[in-house]
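Reviewing the structure listed below.
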Ligand SMILES: [Ca+2]
Ligand SMILES: [Ca+2]
């Protein structure tokens, strides 16, 4: 059984980042809406190369995620299916490499936050990105301080480690717990 603490973290990612339309489940619609939302913020029109790239990326993540999580193959990922997937992935793989869709998602998150594209995330970028997902500036800023352990910025290597820590750690004090904003 997955611990209540890790379950809470999995559900946090489910509701805050994947269930875009807040319907209580993850479907293709959530990825379509996420594409539109990002395009709006970035000012990309339908057909822009950047728009197509994001759209393509979102569709790939959806396909890979669906293959992995949608146990009854009905096109809908429930919270139970989501938690079961994370639990079995971690049991099967221990602390080794995450599945492809998860690695893609990690990279996507980093690139999304790193608007200055200098391969490091600073507090300003972190706060801006998480405001987009509905967190207050104060909460996002607090989360950044924990994630970065007080440093000015985090590199992609550090981000990947923190990201793994988020999914694996049972320690309530682990800095990685805040990689997806305040719990
Ligand atoms: Ca949904
Ligand atoms: Ca399902």
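Residue check: is residue 7 away from ligand 1 (no atom under 16 Å from the Cβ), surrounded by 13 or more Cβ atoms within 10 Å (Cβ to Cβ), under 29 Å from residue 155 (Cα atoms) and free of Cβ contacts under 8 Å to residues at least 24 places away in the same chain? When the stated conditions are applied, residue 7 does not pass them. Within segment 38-52, being without any contact (Cβ under 8 Å) to a residue 40 or more places away in the chain, closer than 17 Å to residue 111 by Cβ and assigned to a helix (DSSP H, G or I) holds for 39, 42, 49, 50, 51, 52.
Of the listed requirements (1) in contact with a strand residue (DSSP E or B) (Cβ under 7 Å, 6 or more places away or on another chain); (2) touching a residue at least 40 places away in the same chain (Cβ under 8 Å), residue 2 misses just one: (1). Checking 89, 65 one by one, the residue that is out of contact with any helix residue (DSSP H, G or I) (no Cβ under 7 Å at 6 or more places or on another chain) and closer than 25 Å to residue 167 by Cα is 89 and no other.
Looking at (1) crowded, with 16+ Cβ neighbours inside 10 Å; (2) within 16 Å of ligand 2 (Cβ to nearest atom); (3) assigned to a loop (DSSP other than H, G, I, E, B), can you tell me which one residue 20 breaks? Going through the list (1) crowded, with 16+ Cβ neighbours inside 10 Å; (2) within 16 Å of ligand 2 (Cβ to nearest atom); (3) assigned to a loop (DSSP other than H, G, I, E, B), residue 20 breaks only (2).
Results for (1) assigned to a helix (DSSP H, G or I); (2) surrounded by 13 or more Cβ atoms within 10 Å (Cβ to Cβ), shown as yes or no for each residue.
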| site | (1), (2) |
| --- | --- |
| 33 | yes, yes |
| 54 | yes, yes |
| 57 | yes, yes |
| 71 | no, yes |
| 80 | yes, no |
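For segment 112-127, a residue qualifies if it is at pLDDT 90 or above, surrounded by 14 or more Cβ atoms within 10 Å (Cβ to Cβ) and out of contact with any strand residue (DSSP E or B) (no Cβ under 7 Å at 6 or more places or on another chain), and the qualifying residues are 123, 125, 126, 127.
For segment 119-183, list the helices (runs of 4 or more DSSP H) that sit wholly inside it and hold at least 3 residues that are under 18 Å from residue 9 (Cβ atoms) and under 15 Å from the mean Cα position of the chain (by Cα); which are they?
Values: elements: 123-132, 137-147, 156-168.
By residue number, 137-147, 156-168.
Within segment 23-57, can you find the residues that are within 16 Å of ligand 2 (Cβ to nearest atom) and farther than 20 Å from residue 129 by Cβ? Scanning segment 23-57 gives 23, 24, 25, 26, 27, 28, 29.
The values are calculated or read from the model by the stated rules, or taken from the named source; none is laboratory data. Worth saying up front: this structure is predicted, and the values here are computed from it rather than measured. Ideal geometry is used to build each Cβ from the backbone, glycine not excepted, and the neighbour counts take in all protein chains shown.
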